[in-house]
Structure formats: structure tokens, C-alpha cells
Number of protein chains: 6
Amino acid sequence: MLHLLYAPVRVNGFVCKNPMKVNADDFFKAANLDKPRVTNKVGSNVTLINVMQIAGLNTLGISIARIDYAPLGQNPPHTHPRATEILTVLEGTLYVGFVTSNQPAPNRNKLLSKVLNKGDVFVFPVGLIHFQFNPNPHQPAVAIAALSSQNPGAITIANAVFGSDPPISDDVLAKAFQVEKNTIDYLQAQFWENNHN
Amino acid sequence: MLHLLYAPVRVNGFVCKNPMKVNADDFFKAANLDKPRVTNKVGSNVTLINVMQIAGLNTLGISIARIDYAPLGQNPPHTHPRATEILTVLEGTLYVGFVTSNQPAPNRNKLLSKVLNKGDVFVFPVGLIHFQFNPNPHQPAVAIAALSSQNPGAITIANAVFGSDPPISDDVLAKAFQVEKNTIDYLQAQFWENNHN
Amino acid sequence: MLHLLYAPVRVNGFVCKNPMKVNADDFFKAANLDKPRVTNKVGSNVTLINVMQIAGLNTLGISIARIDYAPLGQNPPHTHPRATEILTVLEGTLYVGFVTSNQPAPNRNKLLSKVLNKGDVFVFPVGLIHFQFNPNPHQPAVAIAALSSQNPGAITIANAVFGSDPPISDDVLAKAFQVEKNTIDYLQAQFWENNHN
Amino acid sequence: MLHLLYAPVRVNGFVCKNPMKVNADDFFKAANLDKPRVTNKVGSNVTLINVMQIAGLNTLGISIARIDYAPLGQNPPHTHPRATEILTVLEGTLYVGFVTSNQPAPNRNKLLSKVLNKGDVFVFPVGLIHFQFNPNPHQPAVAIAALSSQNPGAITIANAVFGSDPPISDDVLAKAFQVEKNTIDYLQAQFWENNHN
Amino acid sequence: MLHLLYAPVRVNGFVCKNPMKVNADDFFKAANLDKPRVTNKVGSNVTLINVMQIAGLNTLGISIARIDYAPLGQNPPHTHPRATEILTVLEGTLYVGFVTSNQPAPNRNKLLSKVLNKGDVFVFPVGLIHFQFNPNPHQPAVAIAALSSQNPGAITIANAVFGSDPPISDDVLAKAFQVEKNTIDYLQAQFWENNHN
Amino acid sequence: MLHLLYAPVRVNGFVCKNPMKVNADDFFKAANLDKPRVTNKVGSNVTLINVMQIAGLNTLGISIARIDYAPLGQNPPHTHPRATEILTVLEGTLYVGFVTSNQPAPNRNKLLSKVLNKGDVFVFPVGLIHFQFNPNPHQPAVAIAALSSQNPGAITIANAVFGSDPPISDDVLAKAFQVEKNTIDYLQAQFWENNHN
């Protein structure tokens, strides 16, 4: 179960260690998930504890995160390419939702959304675009989320589409988003802050 | 991804519904995970939100729980037969640990334990016996745990061994636990309360 | 391996049939994948043969598609939530790419792109945003793609974000995409055609 | 399929070898599964042939064992954290059983048991506590068991709970098992022999 | 874990039952695996206990078989499309082997074979063509084999190639096997007995 | 997702590289799948693009192939031990089929076959023996096939049975195929050309 090697070799891309030297710290992180973090431009911070923080998680298929939301802050539309997410609200209120895929009507691109209060639980199925928004202009919100992979990945839609390095051709994006190329150019010139950090 | 059927048919043992009638409530539970629950004889309560509470979780491989610990309360030694657990402490302090399997020495039945404070994260690998104990005689503790299955199962060791219905033969248990049969009989006569509820 | 039931019951959401009545047609589709299809507004059509067309594919983890591209047509940025895609070009030239997830720098949101000629092969890893564009203003292009699921799903980013039903709040999208709310409103008023059909 | 590396590198924790040097011995073990083994204090010996004995088993998801039972011997309550077990009796009689998990009543901690004769087959589902007992005071018994993992693991309940190194706090165990701390201390002072060897 | 439904519905093609009615017999079979079976024309009988004999095996990924070999009998070249096999010899001697796939030389179609004595263990990796042969002209042999699926399937090569219903075109087979069509016609006219029963 | 290591270490048997050095070429192959290949003795060539050609495919569970068929050429009976195949015809006509396993009658060794025209799609389930034959004496045929593994393997039945190195004992094969030993010896003396290359 543990991928623990003699040499500094990586399995699933992560360094392994000698199984004779396993100890409790390989399954532990002083993660400070009780502490609010300064939020960024979109008004949220995701503090993810995955296999990069806890080596013992490798192959075990789970990770956990604290998410802080400033007043009117949001965790903008994003996907996890390798995980389903389950979230519970610790503080405040969240308007959350996900959009179904290109299925046959009437389920095509259907938004399933809900306002969550403290203690509520919501599920975002693997790979679907989803978001959380704190509609309260005065109070922050806090959630704990768990993901069904030790390395779930996160793709913030706007960042990946308009902030990639190098940029995607504006010919492609203008037609895809039905806007003028100069709108795309404007968007690509913005700073797309990563709130998963 | 969703197992949603016309008839009241079960997949993985759970009732499915018509995919044309999916809505946000299939992914939602007003779970009250913000609220402490009265604890029981061992001094803990596990409030698990799994596929039985949220039908949309089926096949998605994750669930979430709040665990309350009274002062000196514990979540007694148990296993999850189908899931790894990742836990973070919301309130208080926990002494936690798991025991490795019958591996070759020096890793045989090794206890890996840690004292966790607020915000710390710990991992209990799938199927291993583990526990959490609140060492504080005056203050409760609270944790959020996530599990890598929509139906992880929980086996409280003492309950399954000494409280099964019908009882396991005391001949078997006396030899297995190296005690007299009347000690086994005494144990089997106790009430073994389930704290996963 | 086959999910074939007496009653019209669904497994993975698909109708099953009596295993005593299996025949070659359960593994066959006169799919016309040799024929170009009239392309739509974005200038492409994806003709996917999945478990909805071939019942025998259920649980077997693969599907196949023909993609037609008009001159300057594109298969706009999209993801497959449950599949990796491998593509080969039959006719013409394609500029293709995918964007990595929010990994630590220098791999954050990195665009990996390539110009593909006839006979070339390219891979789009599961869940990552990718696109194909026919840069030739005069000639169409054609590709065959295979996906590692019998029901891979497709999420066209622009459609899911700006064309969901009901719409995502423009408060959320304006901040997420760093534009004015009236730009979002304009986008949400457009017709977002589905090219996976 | 084979994890065979040039360097002495481990995958799943096991040493791999150069794929150019594979031969029949990588899939073979002169395991002596036809021979009774001297039994230990609990009156049983499990001779498991897993990936540590046959390197070619890596990733293939199966292993096999012979189990010897002295008259009145037992394979005490234990779990396999990563495997289901299927067992057939070669010689003698066995009283076997497993206990279900903390499910809702009436299935909570239900003991499913059976007396097995020569040639009978029984299944112990993954992760559930189970045992085998030879009720015959005069004759030994023998079984062959197969497990659905190349590295199933075994956790003997009494050994892991009372014989861990270091010991679990007797405060925890006394409350968990509803006995006095000196009973726990007595148990922790015993020698807990490993019968999986 | 159990697929147990109210209606006579099938999951993975097998009938499920009400989970409230589970009992030990769902995990048991009086399989008579201690008894030799009359062998057939190829001189062997495989007595497989899979999910069709023990309903509780569904989804658990394992099955077990006894194989009897007459003097000079064989279990002819075959594959298991969904399982690896691990085998131990209970009585007699077996010459066993498997052939690797069309890999690059020098591993292309390499025969890995071994003579097994009582108590020896050998592994046949998933999907590879393998056989067992009892070279002793006077004594029978017996083996126990376990397979890594509750429904491993078996494809006896000669039977599937020359005994299919309807027959494969002799044009195809003559060229494939580099023989005259009348040799194929002769082979297709034979009775191809199934020794997995 | 990527198995990319510092040292030249192999995961799943394939060399990994430093994740800091990933680029588009790790997901690309100038595979020339648009070009016919000279066919061999059986009249077909399989040009498979798998993880050995595109390192980025590792763990992603898919590969793709072009298959050329000379007039009256065939892809002789074979299996893929680790993959289902889905095939579409680009040029010409193919008579294709697969044979079911040793199931209970009436499904035992049933041939499911079909004549495919351009644009048709057919599925060959994992591990089953299947073939394609071009019945046209004047025109070649071309197909694209996709497989549900990055390393599906291919076992040409005649080659593995009669062309293994070293040969399988002719005692075994004569009885298995119900022919004289000198017929087996004749077959084993032939050259069994590999058309997967």
C-alpha cells in the first residue's frame, strides 16, 4: 500500500521512502486548517492537503481542503479532472452549483444549484464545472471539502482558458466564446490569480 | 455516472431514479454537521453522510463525517473495510493512531500515533485498526473526516467481536484473546453501543 | 461482462437485455463514420459512438468518434470528465492543444500544443481542457478520436459556463472572468450550439 | 503488466527486474503447500504465497495460502484490509464465520457462520472480521484459501489491539472494551504470537 | 458490497436479493472440491466455484476451482479473459506453461514452463494462453486454482477456434493456421468437449 | 497522472522523465497512420500507437491502431489480454467476428460475426478471440481500431500455440487439437509471422 523505496524514486510522480523507516509523520501534517487565510482577488483561498503535503496518502485516493471565502468572494468555476468533491459549510452561507455535460436534452448543460447554510453538505461529481459563491456582503464563509483522489488537480476555467502559458490562439477563443478578438486579447492580458495554493 | 433507473431498482444496494428527474437535491443534504450531537457511552458520535443520505454519491467514491468527542471520549478502535480516512481537527485535541498489519518485523503491529491539535490533518489507511481519543477531561473535541468510498462501512472492533448477533463461540474468543471463558461471557453480556449513527 | 437483464432495467443508466438473446448487433452500429457531416456554427461536428449507440459497450471502457472540421472550423475548448482521448488526423491539418491544471510553477496552466498533419497522433489526458482548430481557410479536416470510457461525457466550456439552463449568476461570472456584468449578460444571451451530437 | 526495472527499484514496495530477464521462476515457488506445518499457540499456521514469494504476482491481484489447524486450533478473528478470501476445506471440519459491519439493524454486527466439511467453499468479504475454528479435539484440519490481492495483509485483532508496539493507551482500551485498566495491562503483557508466517 | 435487490434483478448479469435476507448460505457452497470427478476426453475436469454458485461473491473479485487430471490428461491451452490464475498442486506432477504476447523480441511468444510437484505454486497472468499436463502415465494429478474475478471466463483455444457455433469461415482459419481448408473442415467436424463444467 | 521521474526509472515497465521537462512531444507521435503499409503473409498489418510510442499515455488506458488488409487478407484470430477493441472501417469491407467463452449453453463458444462496410463500428470485448477478414479479392481494406489500455498486448492464437519459443510439447498440442503429433510437428516447423508491428 505504501510506495516506499530505498532510492529517491517517484511513484505517481512522488518521492518514496524506505518502508523500514515509516512513521506517524508520514501520515500527518500540521496543516493549520483551523486558520483563515488572506483571500485573493476572487475572494477565496483553497488550502489543499494532498499527497504533496502527506506522502503516506499515495495511492489511497483521498485529500482534504479548507476553503475561505471573503464577503462576496467566490471559488470561481473550475473542475477537478480526477476527483469528486464533497463539501460542508463551517461558517456562513454559500450559493453553489455545477453544470451537467453535453447530454441529450433536457439535461444538457443543466445548472444544479443550491444555497447552503452551516452544516449542509453538497456533492460536485468528478470532472464537472462547479463554483461556490459567498453572497453575504459582510461576513466571510468557510467550508471543508474532501476529494476522491490523493492528487485531484484543479482547473480554474478562466485561468486555463485565458491565462495559459503560452496563450491559446485568439482566433480559436474568439470563435469559441463568440466575442471579438480584441476582447480575447484584453482578457489574455489580465492577471489570472490562482486561488488553489 | 448516476445510477438512475425507472423502476425502484437498486445498484450497489441503493435505490436509483429516473435520470430525467435529477435535481440539486440529489446531491444535497441538510446534514447539520455544524451541530454537536449528544455523545454516547464511549463518549463520541460519528455523523456520516454517505450514499444512504445523498443518493447522487453512488459510484463517486467519497463520503464525509463529523465526529464529536466528549471530554475523555473516544472513537474506539475500528476499521473501515472499504475506505481510507483523512481527518482534520476543528476543536480541541485528539490522540490518534493506527496499527500496521502482520508485516515482517520490525513493522509488525506497529502503532503509529500522534497528538493532533486544531487544524492538523491525519490519515488512516484503508482497513487498518485506528482510534481517536480526546485526552482533555474538561473540553470536547470535534473533527471532520472524509472517507474514500460512498459506503465505507465501519467495524467497531469490540462490538463486532464481543457484541455480534448471535455471539461468536466463547471457545474461540477465549483462546484468541488469552482469557478465561467467563471473561468472554462477561464481555458478551455487556451492551455494545454503536457510535456510528 | 455484459449487463443483460430480463426486465427493462438499467445498469450505469443503460437498458440491459436478456443474456440469452445477445447477438452481433449488440456490438455493431452502422455509424456512417466515413461520411462528412454538415458542420455547425463553430465549424465542427463530433459523431460519437458510445454506449447509447452500442449497448454491448457497457462497462467495457471505450468509445470512438469521427470529428469533421470546416475550413477554419474548431472543436472549441472542452473537457471529457471521464476519459482520456487519443486522436489521429485523417484529412487536413489541425492545431491542437491542452492546458495543464493549477500545478505549481512552472507547469501551472501550461499550454501544450502541436500542429498535426495527416496520420499524426495526439493524446488529451483525462479531464484537461483541450481543443482542435483547422487553420486551413480552404480545406476541411477530419479526425478519428477514441475515448477511454463507454460514456466519456463532453463539456464545452463556453456552453457550460455561459449557456447553462438556468444561467449561472452574472455576479459570479463577472468576477470570475474579470469583465462587466453586461458582458456576461450579452454572452448568456447568445445561442451556444452543441457540436457533440 | 510486469513491473520489471533495471535498477533495484520497487513498485508497490517490491523490487522489480529487467523485463529482458523474465523467466518461469518469476512465476513459481516451491512452496511446500502439501506439507503440514507445526502449529503455534493458537493452533494454526497460515502459509501465504504472495508477491513477496513470487515477484511475478505484482499488480495481478491474487495470492494463495495453506492453513493448518491443530485439533481445537483456530485462525483467530482477523481481517484482510485489501482482499476478499475464498476458502475450501481439504481435511477435517471447520466452524467459520464473519461479522457484518455497523449497518442499520437488523444487519448490525450480524454473525454469519457455518460448519464446513471437506470440499465445502466459503467466502469472507473484504475487510470483515472472520475466523476459522477446528472443533475436532482429535483430528487436525487443513484448508486452502485464496485472496483477491497480491499483498492482502492480515490483521489479527487481538494482536493488533493488545500486542501493538508501542502499546495503545490502556485508558483508550479499557473504555473501548468495557473492562478495568488492569485487565488491559494484563492482556498487553501477554505474548501475541503471529500465526501468519 | 452486496448486490442484493428486492426484485429478481441482475447486476453483472446475476440475480440479486433483498439485503434484509442475507445469510451464511449466500457465502457458502457444498462444492465437493475434495472429490475427484470423472475426467473427459482431454483427461481433465475443472470444477469452478464462481458467482454462479455463490451469489455473495458478486463484485468481490475472486473464485476457486479444483482441477482433476487423468494420467496423461491435460487442461488444454486456454485463457481467462478477466482473471489471473494462481495454482497449487495437491497430488501428482504437472508440466505447466504460458506463452507471452506479441512483444518485441526476444520476449515474443516466449514459453515459460515448469514441472510442478506437490505443494508447488505457479501463476498464469491475466489473458495469456496457458496449459497444464499430467506427464505421469499411471497416476492422476489434482490441483487447486484461484482466479482474480468472480466470473473469470474460460476460453479453450481449440474449442473456440474450431468448435464455435456457427463455425468460423474455413477460408479465414486455413490461412491463419497455414493448413489446407480440408484440414480445417476435418477439425471443425470433431466434437470439442468442454472440460470447464 | 504522469509518471515522470528524475532517474531513468520505469513505472509499468516504461521509462519516466522529470515532470519539469514535460512538453507536447510527450503526447505526440508522427505515426503515419494515413499511410498503407506493406502487408505480410497473412495479408494484414497492425500499426499500434501505444505507450511505447507515446510516453504520455502511461496509466491513461487507451491506444490506437491502423490496420491494413490486402485483398483476401486477414488479421487472424487473436486476443488482447488487457483491452476491449472498438473498430471502424475506413476503406473496403470486412467480415469480422468474436467467439464467446465456455459459458453454459446456448451461449458456449458462440460466434458473433458481421460484415462491415465503410463507416461501420464493431466492438470486440476484452480477452475474447476475434478476427477480421477482407473478403474482397481485388481491393484492400483499412480500419482504425482503438483499445482500452495503453499497453493492450496482442496474442495471435496460431503464433502463440504453434510458434512459441521454445515449442509447447507436441504431446500436449496433439491431444488438445485432436490431430496426430506429426501434424503438430509440421505446424511448429512453419514460420509464424507477427502482423502486429
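Points to keep in mind about this one:
Yes/no per residue for (1) out of contact with any Lys or Arg (no Cβ under 6 Å at 6 or more places or on another chain); (2) over 28 Å from residue F:26 (Cα atoms); (3) of a type in the set (Val, Ile, Thr); (4) in contact (Cβ under 8 Å) with a residue 12 or more places away in the chain:
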position: C:38; (1), (2), (3), (4): yes, yes, yes, no
position: C:47; (1), (2), (3), (4): no, no, yes, yes
position: C:51; (1), (2), (3), (4): yes, yes, yes, yes
position: C:54; (1), (2), (3), (4): no, yes, yes, yes
position: C:58; (1), (2), (3), (4): yes, yes, no, yes
position: C:64; (1), (2), (3), (4): yes, no, yes, yes
position: C:68; (1), (2), (3), (4): no, no, no, yes
position: C:82; (1), (2), (3), (4): yes, no, no, yes
position: C:86; (1), (2), (3), (4): yes, no, yes, yes
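- Cβ separations smaller than 6 Å between residues 6+ apart or across chains give the following pairs from the stretch A:174-185 residues that are under 18 Å from residue C:174 (Cβ atoms) to residues that are open to solvent by 30 Å² or more (accessible area, probe 1.4 Å): A:178/C:190; A:184/A:170.
- Test result for residue A:113, within 10 Å of chain C (Cβ to nearest Cβ), surrounded by 18 or more Cβ atoms within 10 Å (Cβ to Cβ) and part of a strand (DSSP E or B): yes
- Scanning the stretch A:155-176 for residues being open to solvent by 50 Å² or more (accessible area, probe 1.4 Å) and either assigned to a loop (DSSP other than H, G, I, E, B) or assigned by the TED database to the domain that holds residue A:61 (or both) gives a total of 2.
- Failed item, numbered, when residue A:186 is tested on (1) open to solvent by 10 Å² or more (accessible area, probe 1.4 Å); (2) of a type outside the set (A, V, I, L, M, F, W, C); (3) out of contact with any helix residue (DSSP H, G or I) (no Cβ under 9 Å at 6 or more places or on another chain); (4) assigned to a loop (DSSP other than H, G, I, E, B): (4)
- Test result for residue F:21, modelled with pLDDT under 90 and within 30 Å of residue E:179 (Cβ to Cβ): no
- Lone unmet requirement of (1) surrounded by fewer than 18 Cβ atoms within 10 Å (Cβ to Cβ); (2) assigned to a loop (DSSP other than H, G, I, E, B); (3) outside the structural domain of residue C:52 (by the TED database) for residue C:179: (1)
- Of all the criteria given as (1) open to solvent by 50 Å² or more (accessible area, probe 1.4 Å); (2) within 14 Å of chain B (Cβ to nearest Cβ); (3) touching a residue at least 60 places away in the same chain (Cβ under 8 Å), the one not satisfied by residue D:134 is (1).
- Matching residues in the stretch F:84-110 - criterion: being under 18 Å from residue E:169 (Cα atoms) and in a strand (DSSP E or B): F:94, F:95, F:96, F:97, F:98, F:99, F:110
- Residues satisfying the stated conditions in the stretch E:114-133, i.e. more than 16 Å from the chain's Cα centre (by Cα) and over 19 Å from residue D:60 (Cα atoms): E:114, E:115, E:116, E:117, E:118, E:119
- Subset tally (residues that are surrounded by 20 or more Cβ atoms within 10 Å (Cβ to Cβ) and acidic (Asp, Glu)) for the stretch F:81-109: 1
- Look at (1) open to solvent by 10 Å² or more (accessible area, probe 1.4 Å); (2) more than 10 Å from chain D (Cβ to nearest Cβ); (3) assigned to a loop (DSSP other than H, G, I, E, B) and you find that residue B:119 fails only one, number (1).
- Residue among A:172, A:96, A:142, A:161 that is farther than 30 Å from residue A:26 by Cβ and more than 7 Å from chain C (Cβ to nearest Cβ): A:96
- Checked against the criterion of being of a type outside the set (Phe, Trp, Tyr), surrounded by fewer than 23 Cβ atoms within 10 Å (Cβ to Cβ) and either at pLDDT below 95 or closer than 30 Å to residue F:123 by Cβ (or both), the candidates C:140, C:152 yield just one match: C:140.
- Single residue of the stretch F:141-197 satisfying the filter (under 26 Å from residue E:105 (Cβ atoms) and acidic (Asp, Glu)) that is nearest to the chain's Cα centre (by Cα): F:193
- Residue check, residue C:122 assigned by the TED database to the domain that holds residue C:63 and out of contact with any Asp or Glu (no Cβ under 6 Å at 6 or more places or on another chain): yes
- Test result for residue D:125, in contact with a Lys or Arg (Cβ under 6 Å, 6 or more places away or on another chain) and open to solvent by less than 20 Å² (accessible area, probe 1.4 Å): no
- Selection within the stretch D:24-80 - open to solvent by 50 Å² or more (accessible area, probe 1.4 Å), assigned to a loop (DSSP other than H, G, I, E, B) and within 13 Å of chain E (Cβ to nearest Cβ): D:30, D:32, D:35, D:36, D:37, D:52, D:53, D:59
The values are calculated or read from the model by the stated rules, or taken from the named source; none is laboratory data. Given the structure is predicted, the values throughout are model-derived calculations rather than measurements. Please note: Cβ atoms are built from the backbone with ideal geometry, for glycine as well, and neighbour counts cover all protein chains shown. What goes into the accessible areas is simple: the full protein's heavy atoms, side chains included, and nothing from ligands, DNA or RNA. Shrake-Rupley method; radii C 1.70, N 1.55, O 1.52, S 1.80 Å.
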